[in-house]
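Following: one structure in structure tokens, then a few remarks.
The values are calculated or read from the model by the stated rules, or taken from the named source; none is laboratory data. Quantities reported herein were computed from a predicted structural model and do not represent experimental measurements. Cβ placement follows ideal geometry from the backbone for every residue including glycine, while neighbour counts extend to all protein chains displayed. Side chains included, ligands, DNA and RNA excluded: accessible areas come from the protein's heavy atoms. Shrake-Rupley method; radii C 1.70, N 1.55, O 1.52, S 1.80 Å.
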Amino acid sequence: MGLTGGLLIQSAQMALVLALAPLLTGVVRKAKARLQRRQGASVLQPYRDLARLFRKEAVLAENASPLFRAAPYVIFAATWVAAALVPTFATGLVFSWTADLIVITALLASARFFLALAGMDVGTSFGGIGSSREMMISSLAEPAMLMLVFTLALVARSTQLSTVAQVMLTSGVGLRVSLALALVALVMVAVAENGRIPIDNPSTHLELTMVHEAMVLEYSGPHLAMIELAGQLKLVLYLSLIGCVFVPWGLAPAGASVLALAAGVLAWAAKMAVGALLLALFETSIAKMRVFRVPDFLGAALMLGLLGTLLLFVSRSL
Amino acid sequence: MLPFYPAFLAGMMLVVLADDAFTFLFGWEFMSLASFALVVSHHGVAENVRAGLVYLMMAAFGTLALMLAFGLLAAGGEGVSLQALSFSAMRAHGPTPLAAAVVLGLALLGAGSKAGLVPLHVWLPLAHPAAPSHVSALMSGVMTKVAVYGFIRIVFDLAGPPAWWWGVPVLLVAGPTAVAGVLYALMQTDVKRVLACSTIENIGIIFVGLGLALAFEANGAPAVAALALTAALFHVVNHALFKSLLFFGAGAVLVATGEKRMGMLGGLIHAMPQTALAMLVGAAAISALPPLNGFVSEWLTFQAILLSPDLPVWGLKMLIPAVGALLALAAALAAACFVRLYGIVFLGRPRSAAASQAREADGFTRTAMASLAVLCLAAGILPGPVIDALQGAVAPLVGVRMTGQGHLAWLSIIPVAEGRSSYNGFLVFVFIALSASLAALAVHAFGSRAVRRAPAWDCGFPGDDPLAQYSAESFAQPLRRVFGRSLFAARETVTMPPPGDMAPARLSVSERDPAWAFLFAPLGRAVSALSGRANAIAHLNIRNYLALVFGALVLLLVVLALWA
Amino acid sequence: MPASAITSAASAPALQLLVAGIVALVLLAAGAVPLARKAGGSALVYGAAAAICVLVLGTALSSLGGAPASLILPPGLPELGGRLRLDALAAVGLDGDGLGGAAASPFALGFPPGCAPGGAGGGASPPGAMPATSRRRNGCCPSIPPSWPA
């Protein structure tokens, strides 16, 4: 297929994740609304919200610094690059060797670093509370993520996500205890990192329970749109990650035909839809936990990840 | 204090060039004493004097351990000659396995106390911040690296081939050092002390790499040992870069405001934008964020950890992933620590008059910081040439070198094999820059460009006192509750006045360093109790002294007679 | 210890240069004793230290891949002398020393360190009182202009 084809697929993937990220959020919201016996907004509502925010003027606090204005772009860029490196519908993306799973984790950490700094920039109590709690959550979620990266890397003998997906797809890895532990841990980390119930509530504005919303309280207009879009990209990233590692079926291999690629896109869309429904079901059936219960939740994820890794150190076949 | 500064530099250089034990220890003591003099240069402050005293004792202890290590290494050569003190003679006849094991322990004690390994770190958060800022930068950024050099020279070069278990004690000390260091840093409220504690964390990361290298080298995987040692040396270079940068920034803040208490700072990004930018690069680099340099060395360490299932020894198989988890925890906590430091000092609103009247640092200071920030970025996006440059040092120590990285296509690095893992800092940097510019362009082309300044929203409660912002203490509160309760016995006591009473409510936080509470404080009490007893000997009359001398003489003769 | 005192032949120019650098630093330390009392003395010392560190850094960088060189200086223990060796590991270490020194010395040029308020834990001085505090500590650093921004 050559470099041009590869570049084309890579660009298609970047555009696709960006274009479909708001839709995924819309689907989750709609499903939640239906589960709660509400009509709910259209699945296209997030697009309208973003368009509205983009057209509004940005209101900056009087003492907002240049960092406050630059941070949304950095957050968006880091998240987008990370999302573009996760195989969604095809493995063997041209730039997949640029960054492995550890780098993707670290790119998300970069985005969070700037988000937390932006939360502290204006010097309001709410920004500080959000940043402080976000860093507490991430200080446990990130090692848990790295532990399950270790688990995957030990099974596939690679931290390269394309290779991991290929190994899961082709070599008959089968059911393994360690992978089951890693899946549970990954879901827990994904819930925490995306600020979903029971860790954080994306639709709350009740001050004392919010984490993410508290950090972005001072943002408005296009800045807020960039941050919202980055959050939606992050949800796509985590669902794609779960899909490509644990349900890799339908992923088009490197150098596949156009037909296979189209099938890959369809399979990915199906996986995303199922993931969105499961997330909505999970969020509806559970209550938000107190902030200081979160360390227990994430500590459990960390332990599961470590346990999965240790099992693989004991035996390659577990 | 001016004369001690060049002397300190000369001592550090002499240690590195030394090729015999005497020159090494001479340079080591030169460095220790010169830095002691620099630490107490503001001896008007009682705390600095105490810091200097603790430092002096720990330095003497470290030198003693190194002296014993060299003694063991020099013993066993043919004949009794001072030639045995040269490193070439030590290399020629390796120590016995037992002696080598003791040498490893002594090197961990001697070099580890200078580098700040837990629990020998207690002097470091006291002494490093007490010195003037450029000396703090040298002590944290360079002197701890001289200690790492001493450890590598003794253990990798002079002590002969490692036994299979040599990595175990190093890893057992290094992993907890990394986590404890950053937790200490999170509890501090003094800017320079935060930086000094974070040095402990980074030393832990470096020693994890060294421990991995020992484990792999001894268990027949020299290629992985080369990877781990490269990671450690890369982090040595990185830490020298960003810790110097951060201490310079702290120094600039200190000069601009006269404050290093975080609770008195804030909002300095407005008054000192260039300092703030350089510090942002340093904070992101030390938090191991791509595409900066700190991430590359941690990534290489993780790659070495992921190769440990190939080791034949069970103990190591179980230990290394646990150390990996500690390392991951330390990396995440470091990000929290530097968000806190940067957010409190440079962002938000000024918490004191001094902070609101700050002025930008002078040209020399800014140049020094800017060049270090550029180097941090350069080493992050071009890691290949740095790795290649380190191979000359790695190859003689573990026997093999990593495959060349500098010439790979697109400036990637591929430490093991292409299908296994690769990283391209340059492209990650370009991608982030491109996407951010694209987003900015899109907003400018299609979105609203209007910007209005207004009072902060703050959920409808703007205009509160700057002191109501999140402070260093409150930012760390969630982490203190999660990690500090068991480890540091952190306690919060709230005193609430009864209803109707207008007295202020008070919240006080107490914590203690377990190393100090369980190791050094009992030791200090024992020493002072013993000296109290021994004090009685100082007030005897002449007959008793004569009897004492006579008794000691008889005892010695008896021992000598029995010995023969 | 001038470079002519070398007794071993197996040495490289790089090592001799480094030894000269260390000797220069020691001499600078000795020279700094009278200079510390003079106006501009600290600028001179830090400037010279920066120059020497840049020299050391450059020499160490260029000898990263080179063959080990060694030499024996007369001062030291009898029979032993002062043995020095420059191998790749030492070059890496010297890179760190040189880099740190080369960055810290210009930084110190920026503000005379004796005047920068030091002290662990930051004393109890209230925010407005800094000029007085720094004047009190000026005894160790006479080169400070009276209007030093504290």
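Could you order the peptides B:293-300, B:34-41, A:22-29 from most to least packed, using the average number of other C-beta atoms within 10 Å per residue?
Final packing ranking: B:293-300, B:34-41, A:22-29.
May I ask for the Kirkwood hydrodynamic radius of the stretch B:510-550, worked out over all distinct Cα pairs and given in angstroms to one decimal?
Final number for the Kirkwood radius of the stretch B:510-550 is 12.6 Å.
Which Cα, out of B:Val148, A:Ser162, A:Leu278, lies furthest along the positive dipole direction of the protein assembly as shown (beta carbon charges, K/R +1, D/E -1)?
Of the listed residues, the answer is A:Leu278.
How many lysine pairs in the protein assembly as shown, separated by 8 or more positions in sequence or lying on different chains, have Cα atoms less than 16 Å apart?
6
Where the centroid of each part is defined by its Cα atoms, how far is the stretch B:184-248 from the stretch A:176-206 in Å?
31
Average projected area of the Cα convex hull of the stretch A:156-282, in nm²?
With every direction weighted equally, the projected area is 10.0 nm².
How large is the convex hull of the Cα atoms of chain B per residue, expressed in Å³ as a whole number?
220
Could you work out, residue by residue across B:43-53, how many beta carbons of other chains sit within 10 Å of that residue's beta carbon, and then give the average as an integer?
That average works out to 3.
How are the alpha carbon pair distances in the stretch B:227-327 distributed across 5 Å bins from zero to the largest one, expressed in percent?
It works out to 2, 12, 17, 17, 13, 11, 10, 8, 5, 4, 2, 0, in whole percents.
Pull up all non-local amide H partners of A:Ala90: gap of 5 or more, or a different chain, and H-to-H distance under 5 Å with H placed in the peptide plane.
A:Ala252
Quick one: dipole size for the protein assembly as shown, taken about the Cα centre, charges +1 on Lys/Arg Cβ and -1 on Asp/Glu Cβ, in debye to the nearest 20.
1680
Please identify the trypsin sites (Lys or Arg not before Pro) of the stretch B:329-371 that satisfy two criteria: DSSP loop assignment and at most 12 other Cβ atoms within 10 Å. Which are they?
Sparse-neighbourhood loop trypsin sites (Lys or Arg not before Pro): B:Arg359.
Only counting protein heavy atoms at a 1.4 Å probe, give the residues of the stretch A:274-304, ordered by number, whose accessible area falls by 50 Å² or more when the other protein chains are present relative to the chain alone.
When all protein chains are present, A:Phe292 each give up 50 Å² or more of accessible surface.
Please list B:394-401, B:262-269 highest first by mean number of surrounding beta-carbon atoms within 10 Å per residue.
B:262-269, B:394-401
Lys/Arg Cβ at +1, Asp/Glu Cβ at -1, dipole of the protein assembly as shown taken about the Cα centre: which of B:Gly500, A:Ile197, A:Ala71 is farthest positive-ward?
B:Gly500
In debye, nearest 20: dipole of the stretch A:1-101 around its Cα centre with unit charges on the Cβ of K, R (+) and D, E (-)?
Value, rounded to 20: 760 debye.
With a ≥ b ≥ c taken as the square roots of the eigenvalues of the C-alpha gyration tensor of the protein assembly as shown, please select rounded if a/c is under 1.5 and otherwise prolate if a/b is larger than b/c or oblate if it is not?
In terms of gyration-tensor shape, prolate.
Would you work out which of B:Leu227, B:Phe30, B:Cys337 lies farthest towards the positive end of the dipole of chain B, given +1 charges on the beta-carbon of Lys and Arg and -1 on that of Asp and Glu, about the Cα centre?
The listed residue farthest towards the positive side: B:Cys337.
If you take the accessible area of C alone, add that of B alone, and subtract the area of the pair, what total do you get in Å², probe 1.4 Å, to the nearest 100?
Separately minus together, C and B give about 5700 Å² buried.
Sort B:Phe216, A:Phe54 from largest to smallest accessible area, using a 1.4 Å probe on the heavy atoms of the protein chains.
A:Phe54, B:Phe216
For a quick check of understanding: with a 1.4 angstrom probe and all protein chains in place, what accessible area in square angstrom does A:Lys288 have, to the nearest ten?
60
Mind checking the per residue accessible area of the protein assembly as shown for me, 1.4 Å probe, whole number of Å²?
I get 36 Å² per residue for this part.
List for the stretch B:456-480: residues with 40 Å² or greater reduction in accessible area, all protein chains versus chain alone, probe 1.4 Å?
Flagged in the stretch B:456-480: B:Ala456, B:Trp457, B:Asp458, B:Cys459, B:Tyr470, B:Phe475, B:Pro478.
Can you tell me the orientation of helix A:2-35 relative to chain A, as the angle in degrees between its alpha-carbon axis and the longest Cα principal axis, to the nearest 10?
Its long axis makes an angle of about 60 degrees.
Kindly compute the accessible surface that chains B and A hide from a 1.4 Å probe when together, both sides summed, and give it to the nearest 100 Å².
Buried area between the two chains comes out at roughly 7000 Å².
Hey, what number do you get for chain A at 222 nm if only DSSP H runs of n ≥ 4 count, each worth -39500 (n - 2.57), divided across all residues, to the nearest 500?
Helix-only estimate at 222 nm: -24000 deg cm²/dmol.
Which residues of the stretch A:129-145 show a drop of at least 40 Å² in accessible area when all protein chains are present, compared with their chain alone (probe radius 1.4 Å, heavy atoms only, ligands and nucleic acids excluded)?
Buried by 40 Å² or more upon assembly, which counts only protein chains, are A:Ser132, A:Met135, A:Met136, A:Ser139, A:Pro143.
Sort out for me the Cα centre separation of the stretch A:246-271 from the stretch B:432-480, rounded to whole Å.
39
Ignoring ligands, DNA and RNA, what percent of the 1.4 Å accessible area of the protein assembly as shown is carbon and sulfur?
Answer for the protein assembly as shown: carbon and sulfur cover 70 percent of the accessible area.
Taking Cα centroids, how far is the stretch B:118-155 from the stretch B:374-399 in Å?
The stretch B:118-155 and the stretch B:374-399 have Cα centres separated by 22 Å.
For the stretch B:378-523, how big is the tail of P(r) above 21 Å, as a whole percent of Cα pairs?
Summing the P(r) of the stretch B:378-523 above 21 Å gives 75 percent of all pairs.
Within the stretch B:476-564, report the trypsin sites (Lys or Arg not before Pro) that DSSP leaves as loop and that have at most 16 other Cβ atoms within 10 Å.
Answer by residue number: B:Arg512.
Given a 1.4 Å probe and the protein chains all in place, what does the accessible area of B:Val559 round to, in Å² to the nearest 10?
70
Round to the nearest 10 and report in Å² the accessible area of A:Ser125, as given by a 1.4 Å probe over the protein chains' heavy atoms.
Roll a 1.4 Å probe over it and A:Ser125 shows about 40 Å².
How high is the relative contact order of chain A? Use alpha-carbon pairs under 8 Å, at least six apart in sequence, and give a whole percent.
30
So, with +1 on the Cβ of K and R and -1 on the Cβ of D and E, and no other charges, what is the size of the charge dipole of chain A about its Cα centre, to the nearest 20 debye?
860
Once the piece of chain linking B:Thr495 and B:Trp563 is laid out straight, how much longer is it, given 0.36 nm per residue of separation minus the C-alpha distance between them?
Full extension from B:Thr495 to B:Trp563 adds 17.8 nm.
With each run of n ≥ 4 DSSP H residues scored as -39500 (n - 2.57), what mean residue ellipticity at 222 nm is computed for chain B after dividing by its residue count and rounding to the nearest 500 deg cm²/dmol?
Using -39500 (n - 2.57) per qualifying helix, the result is -21500 deg cm²/dmol.
Residue-wise, which Karplus ³J(HN,Hα) couplings in Hz belong to the stretch A:293-303, taking 6.51 cos²θ - 1.76 cosθ + 1.60, θ = phi - 60°, and x for glycine or proline?
Each residue's phi maps through the Karplus curve to give 8, 4, x, 5, 4, 6, x, 5, 4, 4, 5 Hz.
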